[in-house]
Amino acid sequence: MSRTTELQFLLGLDRLSPEVRFIVQALVAVIVLLYAVALRRRRGHLHAWPVAVVGVALIIDLLTPALGLSRLSYVVDTSALLIFMCGLIRIALELADAATHRGREHFSTIFRDLLTLALWAFVVMVVLRTFFKIDVTALLAIPAVITVVIGWALQETLGNIFSGLTLQISQPFQPGDWVRSADKVGRVQGVGWRATTILTRANERVDIPNAQLAKDVLFNYASHAVADEISLGISYDEPPNRVREVILGVLRDIPDILRHPSPEIFAWEYGDSAIRYRVKYWLADYGLTEQVHDRVISSLWYALRRNGIEIPFPIRTLKLSREHRMAESEVQRELIAELRGVDFLRALNEDEMRILSASARVRHFGAGELLVREGELGDTLYVMRRGVVDVSASGADGRPVHLNELRRPAFFGEMGLMTGEPRNATIRARTDVEVIEMPREGFIELFKTHPEAAAQMSEIIAARMSQRRELLDAGQTVDGGTRGRSRWLLDKMRAIFDI
């Protein structure tokens, strides 16, 4: 049992006495197997089976000296070395993968496969040279002969392999990047021997040959902000600067559109029935292009309609001219009936309500649009007709905190309208919303002809303030009561409305 095996020589155990060598190797084998059992019980980057293979190889190698110098001992010695190298190579590859591709869902294995092939070729050549006394230099000529024979038949395959290597070295993209080659657009999954795999928006798995990908013009949308644009026609009656203001307001409220670079609106050309505008904006994630495009188109429809800006089309104009329109008096009666649901307007008589409703307008907001922004000055009261809105305000840490949800017959914006103070909350449409918008001009006209209405409204609003004291701390500086708030509010209204 004094013969030293090749594996023991590789591990540096040949310098020890046979008894010590046996004990050390057996102890190492037991420790490795116990570690494999521990890996089996938990998940990690390293699997248990290659570690177990190394332990089994060490145990098999322990049997070699017991076989003496028989032919069987060389077979066992060779088998133990091959099994040991198999486990060791697998461990090395898994550790390399964990270190190189940590945190990536997909990555290319082309270099890993080449490294595996090279390592196993080296092991086989060492075994042939050491145990079977075969001249491996003669074997080196075989690949050259095979290459000459089948090279012509595998030109396309070899081209894809070398193109894949080129892509790995130059790295024009990373797994997870959005790319476009010819008419194919998708997210890169990985680079293989033959092709690069991408996943399209339709969830189609497409394999693009590496040679084709290396020759075509390649667009990578992951490195910088990506621009998208839409075009629309606006009536000649609308000043371009007002159109830009409305469109920029819409783009500002869509979170996925970048602030830098800022969106651009170009008055592009004079069409037959409209001025054509190009709206250009930037995104950080190309994968959201279609969703944001839809959001921009939808939000612009609501915003342009709210602001009375027409998108003229001859067919649409003809259709609108044939629609049955409700009489103006009937519309006004309907608005008055709904405005009486607002507590501080309920006491107004019919004449006062007609004055106030003359300036009221029905507005539509799409889901996700802002109606009121916290901190901005407001001069408009909103009365809910349809839909749901969310109310939020900035918390102590600056993050928005959800406070409430409002639906018909709720109303909001009265404090900004009456006092001129900044909005104290942000209100965003959860669903499509229809509201009655009442600007300050209507109240100015009302208070000029009926100044007593201001006093009535101030008392009712002050009573509501006492229930929401946290929304207006300034009112408590008078005497902390409802009458004090009423006097404070009436003074504010007189200053705002010049009454």
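Just so it is clear, none of the values below were taken in a lab; they were calculated from the coordinates. Predicted, not measured: the structure shown is a model, and the values here were computed from it. Every residue, glycine as well, gets a Cβ built from its backbone with ideal geometry; the counts of neighbours run over all protein chains shown.
Side notes on the structure shown:
- Pro400 sits among other residues whose Cβ lies under 12 Å from its own Cβ, and their net charge, with Lys and Arg +1 and Asp and Glu -1, is 0.
- On the beta carbon distance between Asp379 and Glu434, with R0 = 22 Å, the FRET formula returns roughly 0.60.
- Local net charge near Arg244, Cβ-Cβ under 13 Å (Lys/Arg +1, Asp/Glu -1): +1
- Extension gain from Leu16 to Ser273, taking 0.36 nm per residue of separation minus the Cα-Cα distance: 82.8 nm
- Centre separation in Å (Cα based) which lies between segment 291-306 and segment 382-410: 21
- The slack between Ala225 and Arg305, meaning 0.36 nm per residue of separation minus the straight C-alpha distance, is 25.7 nm.
- Residues Leu63 and Val30, FRET efficiency given R0 of 22 Å [Cβ-Cβ distance, rounded to 0.05]: 0.90
- The residues packed around Val362, meaning those with a beta-carbon under 12 Å from its beta-carbon, carry a net charge of +2 if Lys and Arg are +1 and Asp and Glu are -1.
- Residues of segment 403-430 with an amide N closer than 14 Å to a point placed 7 Å from the Cα of Asp253 along the Cα-to-Cβ direction: 426-430.
- Subtracting the Cα-Cα distance of Glu330 and Arg408 from their residue separation scaled by 0.36 nm leaves 26.0 nm.
- Here the residues Ser181, Ser392, ranked from fewest to most Cβ neighbours within 10 Å of their Cβ, fall in the order Ser392, Ser181.
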